[in-house]
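Structure first, commentary second.
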Amino acid sequence: MIFSPQILAIFTEVFTEVTFNLYASIVRWNNGIYINLTEQIHNFVLTSYLLYHITRVMFIVWACETSKNQAIKISTTIYDVSNSTNNDQIRNELRLFSLQVLHRDNTFSAKGFTIDATFLRKMIGTITTYFLILIQFLIATHTCDKKVNITELSN
């Protein structure tokens with residue numbers, strides 16, 4: 001909850017960067033393939049940039065998912081420790097703590113978006129959808145660029 005705006009800003013940045021950088025690379029590829037050193041350097045930098053953003057999101061999601069799973073496991077560990085101790089005061093404190101852990105919601109969210117593996121899957125699906133829509137616009141603009149010969153229409 002503390003870093004919610006920052007995490008949301010990171011995900012928004014990654015979403016726009018990945019979507020539009022992929023689209024820009026398709027536009028460059030569609031306009032003609034030029035094999036030279038500058039183009040190879042540009043492709044390497046773009047690929048590195050996209051991998052950096054994707055890795056950053058994957059690490060955030062992995063940390064949230066792992067923390068959630070460990071919080072679920074800790075309640076059974078607390079229960080096992082409370083059963084193995086002989087001190088009644090420690091056993092009572094551990095049972096109270098176990099109840100607090102069980103009643104606590106162990107999900108990470110950023111302004112209403114639950115950060116877990118399903119969020120990552122939805123983000124990949126949304127990027128793919130927007131990317132396909134942008135490719136369709138690219139195809140439509142190139143078909144509109146063709147010049148129409150009037151003599152071909154009359155025959």
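The values are calculated or read from the model by the stated rules, or taken from the named source; none is laboratory data. This structure is a prediction, so every number in the text was calculated from the model and none was measured. Here Cβ is always computed from backbone atoms with ideal geometry, including for glycine, and neighbour counts include all displayed protein chains.
Just a few scattered comments:
- Hey, ASN30 over 23 Å from the mean Cα position of the chain (by Cα) and touching a residue at least 60 places away in the same chain (Cβ under 8 Å) or not: yes
- Meets criteria (more than 28 Å from the chain's Cα centre (by Cα) and charged (D, E, K, R)) for ASP116: no
- Members of region 54-70 that are in contact (Cβ under 8 Å) with a residue 24 or more places away in the chain and either over 19 Å from LEU120 (Cβ atoms) or in contact with a Phe, Trp or Tyr (Cβ under 9 Å, 6 or more places away or on another chain) (or both): VAL57, ILE60, VAL61, CYS64, GLU65, SER67, LYS68
- Residue check, LEU138 over 30 Å from SER82 (Cα atoms), assigned to a helix (DSSP H, G or I) and modelled with pLDDT of 85 or more: no
- Pairs are defined by a Cβ separation below 7 Å, a sequence spacing of at least 6 or placement on different chains, a first member in region 72-93 that is in contact (Cβ under 8 Å) with a residue 24 or more places away in the chain and closer than 26 Å to PHE108 by Cα, and a second member that is polar (S, T, N, Q) and assigned to a helix (DSSP H, G or I); the pairs so defined are SER75/SER98.
- Hey, ASN106 surrounded by 12 or more Cβ atoms within 10 Å (Cβ to Cβ), at pLDDT below 85 and farther than 30 Å from VAL27 by Cβ or not: yes
- Among the candidates LEU22, LEU50, LEU99, residue that is under 30 Å from LYS111 (Cβ atoms), in contact (Cβ under 8 Å) with a residue 40 or more places away in the chain and surrounded by 11 or more Cβ atoms within 10 Å (Cβ to Cβ): LEU22
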